[in-house]
Amino acid sequence: MSKALASRLALVFVVAAPLFGGVALAQPKPGASVSAAPSASPAPAPTTGLSAADVTAKVQKAYDAITGYEADFTQTYQAKAFGVDKKEHSGRVTFVKPGKMRWDYQAPKGNLVVSDGTTLWSYTPTENQARKMAVKDSQMPTALAFLMGKGDLTKDFNIAFAAKLTMADGYVLEAKPKVATNLYQTVLFYIDGKTFHVRGVLIQDPQDNRNKFEFSKPTVNGKIEASVFTWTPPKGVTVVTN
């Protein structure tokens, strides 16, 4: 595999699967080992008295109150279908309702995904290339749309506690889309038990490709300048339009 393709795969969850070769999501195979977010370990479903529906409602309420969100992120992915072993990347992510986002990668340094809610850019400096597309054509996963304040968990997913995973200080929800999609079949949300914010997202596909995001050091409803979501390719960069 070329380094160029590998670097684009690092952004596959953020941007459309068709744009970067596609890591679809799927339900973990029975008995399969699943990489978990921090503080997660194999165990029965939680017995705190809250049902999966209760936790989902609290998560939705928490995100309905969020207008802006910033956090450090760590991304771990395995793209077995493309022969990519486990890779880790990191950076800082910013979301603002409705639909604005920016992923600044520190590793690989300089990689960027940014959207003003209408246009989505992905920039890979090692390729000297920027890709531009309309957000409506990007087919971004519903899981990401939810974090951007545009999704509704109960409307978009059938949700239950993950059967074999829990968190010492939270919950693990297994979400299956109500409308079939070739992008994914299951998403695991790792939920903080105090704030009911999403601390991690794990996605998987039938080929056992996995993509996990963990969020830390969050800032909620802080001041975020609108200009961070406006981006122009540097001079000399090749622009590819989808």
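Each semi-axis of the equivalent ellipsoid for the stretch 125-242 is √(5λ) with λ an eigenvalue of the Cα gyration tensor; in descending order they amount to 30, 20, 14 Å. Taking only the alpha carbons of the stretch 95-182, we obtain Rg and Dmax values of 16.0, 44 Å in that order. Across the stretch 178-242, Cα-Cα pairs more than 18 Å apart make up 65 percent of the total. Peptide packing for 180-191, 226-237, 57-68 was compared via the average number of neighbouring C-beta atoms within 10 Å per residue; ordered from the highest value, the list is 180-191, 57-68, 226-237.
Where does each of 215-223, 194-202 land if you order them by average Cβ count within 10 Å, highest first? Each step should come with its number before you reach the end.
Details: 215-223: 12.8, 194-202: 20.3.
Result, highest mean Cβ count within 10 Å first: 194-202, 215-223.
Given contacts defined as C-alpha pairs under 8 Å and at least six residues apart, what's the relative contact order of the stretch 105-194, whole-number percent? Spell out each step's value before the answer.
Numbers: 116 pairs, mean separation 14.5, N = 90.
Reported relative contact order: 16 percent.
Based on Cα contacts under 8 Å between residues 6+ apart, the stretch 86-242 shows a relative contact order of 18 percent. Residue by residue, the stretch 58-64 carries 3J(HN,Hα) couplings of 5, 5, 4, 4, 4, 6, 5 Hz when phi is fed to the Karplus relation 6.51 cos²θ - 1.76 cosθ + 1.60 (θ = phi - 60°); x denotes Gly or Pro.
No value in this document is a laboratory result; all are computed from the given coordinates. Given the structure is predicted, the values throughout are model-derived calculations rather than measurements. Please note: Cβ atoms are built from the backbone with ideal geometry, for glycine as well, and neighbour counts cover all protein chains shown.
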